[in-house]
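Asker: The following block contains the structure, expressed as structure tokens.
Every number in this text was worked out from the coordinates using simple rules, so none of it is lab data. Keep in mind that what you see is a predicted model, and the values were worked out from it rather than measured. Methodologically, a virtual Cβ is constructed for each residue, glycine included, from the backbone with ideal geometry; neighbour enumeration extends over all protein chains shown.
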Amino acid sequence: MAGREVVIRKYPFHSFAPGNYWCCCVYCGEHFIGAKRSLQCEPCAEKQDHTQKALDEALRIQRETGEASVLTVELKMNGRPIAAATVKNISDLAPISDYEVEAVSLPSKYSGKGFRHAFTVNRHERLQTAWALIAKVADRLAQVEKIEEAKGDAA
């Protein structure tokens with residue numbers, strides 16, 4: 001048994017506890033043997049634990065430095081920047097968070113007329129992938145671009 005790490009933990013561990021019931025993990029969909037009310041398998045509980053530790057560390061850094069969590073999105077075409085956005089959490093990393101977004105799209109022959117826009121994404125469920133938040137930002141920016149085009153057509 002040399003080289004194997006023994007993990008001693010207190011159960012329930014997130015939504016997993018050992019037991020004798022056939023369960024289905026709500027995160028990965030795999031079946032596992034666990035306690036009657038276990039919602040997730042132990043590997044998913046471990047992933048959640050790492051995520052929670054990373055979140056705790058991010059919150060600690062945010063509180064110590066006064067800096068908010070900021071997601072930066074840069075779009076490039078053929079290696080050249082054509083658009084960018086910063087998405088800043090303004091809810092102290094609450095489970096349902098609000099974000100300030102500042103975006104710019106540079107004018108080019110590929111992407112058309114440029115624009116600069118700032119807005120807020122409200123009530124986003126934070127414990128999703130970053131892509132879920134980026135999708136909301138992109139959808140909102142696509143709407144802004146349509147409004148700008150309509151204004152140009154009306155002139």
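Asker: Which net charge results for the neighbourhood of Ala84, defined as the other residues with beta-carbon distances under 14 angstrom from its beta-carbon, given Lys and Arg at +1 and Asp and Glu at -1?
Answerer: Taking every other residue near Ala84 into account, the sum is +2.
Asker: Name the long-range amide H neighbours of Tyr11: under 5 Å, sequence gap of 5 or more, or other chain; modelled H, no Pro or chain starts.
Answerer: none
Asker: So which of Lys10/Lys47; Lys10/Lys53; Lys76/Lys113; Lys47/Lys88 end up more than 23 Å apart by C-alpha?
Answerer: Lys47/Lys88
Asker: Sticking with this one: Once you list every other residue whose beta carbon is under 14 Å from the beta carbon of Glu42, what net charge do they have if Lys and Arg are +1 and Asp and Glu are -1?
Answerer: Value of the local net charge: 0.
Asker: Provide the per-residue ³J(HN,Hα) series for the range 24-41, in order, calculated from phi with Karplus coefficients 6.51, -1.76, 1.60 and θ = phi - 60°, each as a whole number of Hz, with x at glycine and proline positions.
Answerer: 10, 5, 6, 8, 9, x, 6, 8, 8, 9, x, 5, 3, 9, 5, 9, 9, 6
Asker: If you take the charge dipole of the range 70-154 about its Cα centre, with +1 on Lys and Arg Cβ and -1 on Asp and Glu Cβ, which of Ala138, Ile96, Met77 is farthest toward its positive end?
Answerer: Most positive-ward Cα: Met77.
Asker: Related question: Residues with beta-carbon under 9 Å from that of Glu102, excluding Glu102: net charge, scoring Lys, Arg +1 and Asp, Glu -1?
Answerer: Computed value for this residue: +1.
Asker: A follow-up question, please. Can you list residues from other chains, or at least 5 along the same chain, whose modelled amide H is less than 5 Å from the amide H of Ser69?
Answerer: Under 5 Å from the amide H of Ser69: Asn89.
Asker: Mind listing P(r) for the range 70-154? All alpha-carbon pairs, 5 Å bins, whole percents.
Answerer: Computed distribution, short to long bins: 3, 13, 25, 22, 16, 11, 7, 2, 0.
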